[in-house]
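A short write-up of the structure that comes next.
The values are calculated or read from the model by the stated rules, or taken from the named source; none is laboratory data. A quick note: this is a predicted structure, and the numbers were derived from the prediction, not measured. So basically every Cβ, Gly included, is an ideal-geometry build from the backbone, and we count neighbours across all protein chains shown. Only protein heavy atoms, including side chains, enter the accessible area calculation; ligands, DNA and RNA are left aside. Shrake-Rupley method; radii C 1.70, N 1.55, O 1.52, S 1.80 Å.
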Amino acid sequence: SDDDDDADPVAATRPAGQVLFSFDAIEVVKHDDGETSVVLMGNVRVMYQDFKGQPGAVLTAERAVIFADVEDMGDVAGGISTDNVKGVYLEDNVIARYDNYTVRAPRVYYDLRTDKAIVLDAVLYTWDFRREIPIYGRAEKLRQEAANAWSAEGAILTTSEFAEPHLALGADRLTMTQSADEQGNYQHRFTADGLTE
């Protein structure tokens, strides 16, 4: 939709790498329009790793579809080059883990190469080292704009893991960016529009 295209992504494309995965069952599906997808089912785990060995997000779910340029099962053995991966859709108890935060949601669409994602009914967790507090963000729609930047619609920001926290900040739109200090600890900056109680 048009809402999904109005962001101004700040991420540069990641270096070339591989999408690695594990699963209980796999199928390569060829569609009528000439596109192909790799369907993973049961205990799915998907990970991006660049050719320098630097890991990206680790995604787990019960089902995933990798939209990729492949011909048959032989093309997916040992992983798929990011050059051939257009995106990854995951559903059913999706957990995305990064170095310094975790996202949980029922469904996620993720572009591993540019660190962009669209997440519905999301819960994001991170830790603020300077303030020594947990940070939870809940959103009807959460978008990852870059490796260190998120925007949320229908958002609630709190330090409580409970669904109905004692203290929370609500906003029509909330953005979060992360940056590391000289000690390598992550700091968070938030901006909000349309604050609610």
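Miscellaneous remarks
- Filtered by the rule that a residue be over 15 Å from the mean Cα position of the chain (by Cα), under 25 Å from residue 98 (Cβ atoms), at pLDDT below 85 and open to solvent by 40 Å² or more (accessible area, probe 1.4 Å), the range 21-52 gives 51, 52.
- Residues (closer than 20 Å to residue 135 by Cβ and surrounded by fewer than 18 Cβ atoms within 10 Å (Cβ to Cβ)) located in the range 83-97: 95, 97
- Search result, residues across the range 87-101 that are over 18 Å from residue 43 (Cα atoms) and touching a residue at least 24 places away in the same chain (Cβ under 8 Å): 87, 98, 100, 101
- Selection of the range 67-82 for residues being part of a strand (DSSP E or B) and more than 10 Å from residue 21 (Cα to Cα) yields 67, 68, 81.
- Of the criteria (1) modelled with pLDDT under 80; (2) on the phi > 0 side of the Ramachandran plot; (3) of a type in the set (Asp, Glu), which one residue 92 fails: (1)
- Against the numbered list (1) under 16 Å from the mean Cα position of the chain (by Cα); (2) at pLDDT below 80; (3) more than 20 Å from residue 44 (Cα to Cα), residue 142 comes up short only at (2).
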